[in-house]
Amino acid sequence: MAGFDKVVSTYEEAMAGLEDGMTVIAGGFGICGIPENLIKQIKKMGTKELTIVSNNCGIDGFGLGILLEDRQIKKMVSSYVGENKLFEEQLLSGQLEVELTPQGTLAEKMRAAGAGIPAFYTATGYGTDIGKGKDVREFNGRKYILEESIQGDFSIVKAWKADRYGNAIYRNTAMNFNPMAATAGKICVMEVEEIVEPGELDPMYVHTPGIYVDRLIQGTFEKRIEIRTVRQG
Amino acid sequence: MALSRDQMAIRVARELQDGFYVNLGIGIPTLVANHVPEGMEVMLQSENGLLGMGPFPTEDQVDPDLINAGKQTVTTATGASIFSSAESFAMIRGGHVDLTVLGAFEVDVRGSIASWMIPGKLIKGMGGAMDLVAGADNIIVLMTHADKYGNSKLLPECTLPLTGAGCIKHVLTDLAYVEIHDGKFHLVERAPGVSVEEIVSKTAGEMVVPDHVPEMQF
């Protein structure tokens with residue numbers, strides 16, 4: 001690596017420095033746009049006691065679900081979980097802690113962390129269990145609760161294409177949480193389907209500027225589909 | 001007769017207006033998309049980051065990178081846009097979505113809604129529901145009037161954990177179209193052949209009944 005070149009050649013290198021007890025922010029919605037190979041690398045490393053911040057926790061045998069197999073996750077911060085049996089088991093037996101967070105608040109917690117904003121007020125969750133114990137303020141006659149941003153020791157992100165400098169483009173709704181996740185990790189590791197030379201991407205169409213990306217790796221992706229729904233045509 | 005799921009969707013679709021951006025929740029609300037009136041343009045928002053959701057793909061159009069908030073494979077409609085989750089919830093929380101239709105377990109006379117958690121059952125999470133009810137001004141709750149044991153779902157006060165407090169003004173059930181204001185339910189329309197008495201008897205919260213309650217026409 002030299003200058004702005006973020007490319008690393010192995011997944012070992014990509015996730016080097018991840019330690020037990022760290023917080024990892026992961027992009028993806030369901031199993032769409034998830035950094036599937038970076039997750040596999042965390043499984044291989046066997047890192048434990050992780051706090052994972054991700055909208056969902058994958059499914060049995062794929063995505064973040066595989067980190068449940070060796071009980072690597074201590075806590076999940078998510079908006080919707082439980083699409084996997086192992087998750088349910090570990091939750092009910094008290095081995096796994098879950099902090100349910102409204103989806104928009106979760107996205108904003110990542111965005112805010114990346115933008116240097118420690119907390120923000122939102123109407124979402126006011127008057128519900130989510131708002132309990134949180135600071136309430138009234139603005140223009142409406143009540144809002146204070147939510148704190150979430151920074152990760154690492155963030156793991158999946159994009160479609162990036163240049164060697166880490167300027168990245170996402171494909172379709174595989175974008176989802178990835179752009180915010182990219183900004184919210186002290187170390188952002190991005191995996192992509194294709195790495196191109198700087199200058200090949202039109203700067204006008206870059207979604208995530210390379211400044212946020214620390215390590216970049218090209219991988220091959222299975223891209224499993226959670227609910228395949230088709231019409232006759 | 002109580003309304004069928006499709007009739008409920010048809011009745012809600014009459015609240016659509018040309019040029020509306022609409023978010024439809026999972027379940028019966030999804031059916032509203034099948035009943036957009038002819039010649040009317042409506043764009044569907046999917047909170048995972050898609051505005052302008054098209055129909056389900058044909059087998060050869062399936063794209064693992066293109067799904068809706070229910071995690072189903074979808075397509076994009078002409079004029080669609082794709083964006084991040086933060087952008088998606090900025091449009092929801094910023095009040096830019098014209099109409100939100102979602103399901104619920106309970107609604108009460110103050111307009112509070114419980115839709116995400118039943119204590120004792122596995123809690124999967126609220127997803128985007130809390131953001132949707134807090135952010136949208138124009139929300140229609142679509143649900144059955146009573147649960148399968150006959151217990152009213154229109155209550156003096158929600159008993160389940162809330163999704164949002166004081167945010168619901170319109171409810172369409174299989175029996176009636178109800179508005180909520182001034183701390184009361186107001187009966188607006190009834191399903192064909194359903195008596196006012198039946199609706200009142202299945203509404204636990206206080207309900208104001210005008211002299212004339214029109215029947216829905218299908």
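The values are calculated or read from the model by the stated rules, or taken from the named source; none is laboratory data. None of the values given here were measured: they were computed from a predicted structure. Note: ideal-geometry Cβ built from the backbone for every residue, glycine included; neighbour counts use all protein chains shown. Accessible surface is based on the protein model in full, side chains and every heavy atom, while ligands, DNA and RNA are left aside. Shrake-Rupley method; radii C 1.70, N 1.55, O 1.52, S 1.80 Å.
Sorted by packing (mean other beta-carbon atoms within 10 Å per residue), highest first, where do B:117-123, B:23-29 land? Before the final figure, lay out the partial values.
Working: B:117-123: 11.4, B:23-29: 21.3.
My ranking of the peptides, most packed first, is B:23-29, B:117-123.
A straight line joining the Cα centroids of region A:99-148 and region B:34-79 runs 29 Å. If R0 is taken as 45 Å, the Cβ-Cβ distance between B:Leu160 and A:Asp5 corresponds to a FRET efficiency of 0.25. Is the shape of region B:108-196 best called rounded, prolate or oblate, per the rule: a/c under 1.5 gives rounded, else a/b larger than b/c gives prolate, else oblate, with a ≥ b ≥ c the square roots of the Cα gyration tensor eigenvalues? Because a/c hits 1.5 or more and a/b fails to exceed b/c, region B:108-196 counts as oblate.
Model label sites at A:Glu19 and A:Thr229, defined 7 Å from Cα along the beta-carbon direction, differ in position by 4.5 nm. Taking other residues whose beta carbon is less than 12 angstrom from the beta carbon of B:His186, and scoring Lys, Arg as +1 and Asp, Glu as -1, yields -2.
Take every Cα pair under 8 Å in region B:1-143 that's 6+ residues apart, average their separations, divide by the length, and report that relative contact order as a whole percent. Walk me through the numbers before you get to the answer.
Values: 229 pairs, mean separation 32.9, N = 143.
Rounded, it is 23 percent for region B:1-143.
Taken residue by residue and averaged, Cβ atoms of other chains lying within 10 Å of the Cβ of A:122-135 number 6. Counts of other chain beta carbons within 10 angstrom of each beta carbon in peptide A:22-30 average 2.
The Cα atoms of region B:114-166 give a gyration tensor whose axes a ≥ b ≥ c have a/c of 1.5 or more with a/b no greater than b/c, which makes the shape oblate.
Computed on the protein assembly as shown, the Cα convex hull volume stands at 155 Å³ per residue. Over chain A, dividing the summed -39,500 (n - 2.57) contributions of all DSSP H runs of at least 4 residues by the number of residues returns a 222 nm mean residue ellipticity of -5000 deg cm²/dmol.
Can you tell me the length gained on complete extension of the stretch B:Glu215 to B:Asp6, counting 0.36 nm per residue apart and subtracting the Cα distance?
73.6 nm
Based on alpha-carbon centroids, what's the gap between region A:1-73 and region B:115-129 in Å, whole number please? Cα centroid of region A:1-73 versus Cα centroid of region B:115-129: 26 Å apart. In this assembly, the B-A interface accounts for approximately 3900 Å² of buried accessible surface in total, computed with a 1.4 Å probe and without ligands, DNA or RNA.
You can think of it this way: the chain between A:Glu97 and A:Met45 has 16.6 nm of extra reach, that is 0.36 nm per residue less the Cα-Cα gap.
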